[in-house]
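Worksheet: one structure, shown below.
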Amino acid sequence: MSTKHLTYLDSLRGMAALTVVFAHYTQFFYSGQFVHAGRLAVCLFFILSGFVLSRRFLGVEGKKWALIAAVIKRPFRLLGVVWFTVILGLLVNSFTKDIPISQYGKTWTQFVIDFFVSPFSTGAIYNGVLWTIHWELWGSMLVFAALLFCNTFPKYLRLLIFSVILILNIHNFYGAFMIGVIIADIHRNFFWSKLVKYRNILSGLMIFICIATYIMYSSQSLDAKATVYINDGLRMVGAIEIFILVMLNTSFIRYALEWQPVNFLGNISYSFYAIHALIIITIAETIDTVLKRYLQYDTAFCCTILITLPMIIFIAWLMDKYIDKPSIRVADWIAKRAISIIMPKVAMRGLKIKEFFRRSVIPAASIAPELPLADNQIKNFVPAELPSENRVLNHR
């Protein structure tokens, strides 16, 4: 796949992040009138992550160590922004909202333990939007685990296994990651080029199905649980359709997503997403309160967005430059160091097994024909391939 292709996927993530931001603006000032679009954008985040994390591994042999490096790297890659916004959220709530640490049900000792031991699980206590990062981390691990298990299987068997994992996670967000993996496998190893020939027909059909499904279920009287399942399902279907429409590469969508401001937003999307809520509940709320003294409610709301949205983008750019990018470099370094330590030890163990069977009656080749490295490879070992960071991996 080309770099340009990755560019518009990155931009798509930025547009999803912008959708979440607008959803939270309306949720905070209008009691959630745009919240469904925000949840759809979250589903799109996770589908994008499943696609991007798996796309270069699918069906390619010799990627085991690169996958292991990706597993090691992923938590550290996400951690910098999480730590920063957790601390900022605690400070914001303490000094602007007069919320002491005890109101979270925590002591300072518990906060420190959570901060270092379980930041992905407890971060949402201090910055609500971080609930998605917990899903992002473990959804990524599910993707890598599935790839480690069956990446080199025959493609139809591999697709079947991915589909089973999807069915087992159909009612949670892990299913969105597997949808992304399945689309990536079809795109790379199956019949995607044939689908592109009929993209206009497929696009119209998907839009019709989505509208018809929404009308059908919105006209029925459903209990609360059924309503939740239907709404979640519709949001997931909508996210799948948007992603497939982009992947089918209509010229208008490509042109829009390759526009430089949109691509810039995609590049900072992780920081943009992570910081926006803290700005909304502090600076935006204060500005809106002042403006409502002189303007009508709707006018004050629009002015608040015009003033604070550029602030959020600017702060996100600073975070991306001074927190997120350094976190990526640290994650790369940790992964390389870990692989350089682990890989030779595994190779040496394999050589010892080979030597044992060589001295035994049974030929070694018949018992352990495939070994990680030869002696000269261990001596001159340099990790051959580690995952290179791509901006599309931002999430987040």
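Laboratory data are not the source of any read-out in this text; all were calculated from the coordinates shown. Predicted model only: the values in this text are computed from it and were never measured. Positions of Cβ are generated from backbone atoms using ideal geometry, with glycine treated the same way; all protein chains shown enter the neighbour counts.
Please give the contour-minus-distance gain from Trp317 to Glu258: 0.36 nm per residue of separation, less the Cα-Cα distance, rounded to one decimal in nm.
Taking Trp317 through Glu258 to full extension adds about 19.4 nm, to one decimal.
Given R₀ = 30 Å, what would the calculated FRET efficiency be for Tyr156 paired with Val196, taking r from the Cβ atoms and rounding to 0.05?
Values: r = 21 Å, r/R0 = 0.71.
Calculated transfer efficiency: 0.90.
Between Lys64 and Thr286, how high is the FRET efficiency from 1/(1 + (r/R0)^6) when r is the Cβ-Cβ distance and R₀ = 41 Å? Nearest 0.05.
With R0 = 41 Å, the Cβ-Cβ based efficiency is 0.20.
Sort 185-195, 158-168, 42-52 by packing, meaning the average of other beta carbons within 10 Å per residue, with the highest value first.
42-52, 158-168, 185-195
Give me the Å³ per residue figure for the convex hull around the C-alpha atoms of the range 131-198.
With only Cα atoms used, the range 131-198 gives 96 Å³ per residue.
What full-extension length gain, to one decimal in nm, is calculated for Ala145 and Ser121 as 0.36 nm per residue of separation minus the Cα-Cα distance?
Gain on extension, Ala145 to Ser121, equals 6.6 nm.
Using the beta-carbon distance between Arg337 and Cys303 and R0 = 56 Å, what value does 1/(1 + (r/R0)^6) give for FRET efficiency, to the nearest 0.05?
0.65
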